[in-house]
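Data first, discussion second: the structure below is written as structure tokens.
The values are calculated or read from the model by the stated rules, or taken from the named source; none is laboratory data. Since the model is a prediction, treat every value here as computed from it, not as a measurement. Glycine also receives a Cβ, built like all others from the backbone with ideal geometry; neighbour counts cover every protein chain displayed.
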């Protein structure tokens, strides 16, 4: 669970690659790049200090023991990345590889290399982060988990608890066909259940009644400055955003990564 798998079919897609590398470092994970298209060595041109999860561990060890090692950050260098040739993998064999390696997360743009990511997501145990077309390279500091509070998944909260330097908003959006929560009761229910067991990032609660999807997402992203949306595969919130399955491209209203957890 110490590695994040980044899927790409374009070795020149520097924007997405830099984001994935920064995100992995933020959460002390190592990045593995799976090339869906023609396999060739990838190097990430960076002007930032380069230090992966294992380098951080060595730095902490050296600080405690006084031992010296050459782990100095490199500037204006090309960073060689761990890559695997996934050009011949089908959706089923890719999903089997992901399960076998126990990756912490998969990062990809929708429609990558003609892969049906919905088929992959339906067979894996880790979340899939979908990247928007016009991706901004920012540190994930504010996450919003879209759910009906009554069906909030504790395993999702436990996973998000591990994010470094991030806050989380649990956005209650009533499931279709159910009576909505009275706001005062919703606040009490949150405090007595989810809020009581929160131990990781700052956790907040919001009762959202906006029925227009684009207005709701615009408010979350633009007004509340959300850096990442979170939902569950094949649940109502997933379907409202993406439809019945992952499309080839995220809707234009979603300008931040969307993290989808398997059911």
Practice task
Answer with yes or no whether residue 180 is part of a helix (DSSP H, G or I) and either over 29 Å from residue 104 (Cβ atoms) or out of contact with any strand residue (DSSP E or B) (no Cβ under 9 Å at 6 or more places or on another chain) (or both).
Solution key: no
Fill in the blank from the handout: Those residues of the range 83-107 which are over 14 Å from residue 124 (Cα atoms) and surrounded by 18 or more Cβ atoms within 10 Å (Cβ to Cβ) amount to 83, 86, 89
Practice task
For residue 94, state whether it is under 24 Å from residue 15 (Cβ atoms) and assigned to a helix (DSSP H, G or I).
Solution key: yes
Practice task
With respect to residue 174, determine if the residue is crowded, with 18+ Cβ neighbours inside 10 Å, modelled with pLDDT of 90 or more, closer than 18 Å to residue 235 by Cβ and not assigned by TED's automatic domain parsing to the domain that holds residue 9.
Solution key: yes
Exercise for the section: Go through the residues of the range 219-231 one by one and say whether even a single one is over 28 Å from residue 26 (Cα atoms) and assigned to a helix (DSSP H, G or I). Expected result: no
Exercise for the section: Would you point out the residue of the range 111-143, among those that are in a helix (DSSP H, G or I) and touching a helix residue (DSSP H, G or I) at 6+ places or on another chain (Cβ under 6 Å), that is surrounded by the fewest Cβ atoms within 10 Å (Cβ to Cβ)? Expected result: 119
Fill in the blank from the handout: The residue from 232, 181, 213 that alone is modelled with pLDDT under 90, touching a helix residue (DSSP H, G or I) at 6+ places or on another chain (Cβ under 8 Å) and either within 27 Å of residue 125 (Cβ to Cβ) or surrounded by 13 or more Cβ atoms within 10 Å (Cβ to Cβ) (or both) is 213
Exercise for the section: Please enumerate the residues belonging to the range 102-113 that are closer than 14 Å to residue 2 by Cα and out of contact with any strand residue (DSSP E or B) (no Cβ under 7 Å at 6 or more places or on another chain). Expected result: 102
Practice task
Take residue 156 and decide whether it is surrounded by 15 or more Cβ atoms within 10 Å (Cβ to Cβ), out of contact with any helix residue (DSSP H, G or I) (no Cβ under 8 Å at 6 or more places or on another chain), in contact (Cβ under 8 Å) with a residue 40 or more places away in the chain and not in a loop (DSSP other than H, G, I, E, B).
Solution key: yes
Handout entry: Verdict on residue 254 being surrounded by 15 or more Cβ atoms within 10 Å (Cβ to Cβ), touching a helix residue (DSSP H, G or I) at 6+ places or on another chain (Cβ under 7 Å), touching a residue at least 60 places away in the same chain (Cβ under 8 Å) and farther than 24 Å from residue 167 by Cα
Key = no
Completion exercise
Selection from the range 97-110 of residues in contact with a helix residue (DSSP H, G or I) (Cβ under 8 Å, 6 or more places away or on another chain) and either at positive phi or assigned to a helix (DSSP H, G or I) (or both) yields 98
Handout entry: Exclusive hit being more than 18 Å from the chain's Cα centre (by Cα) and either modelled with pLDDT of 85 or more or within 27 Å of residue 165 (Cβ to Cβ) (or both), set 55, 68, 16, 102
Key = 55
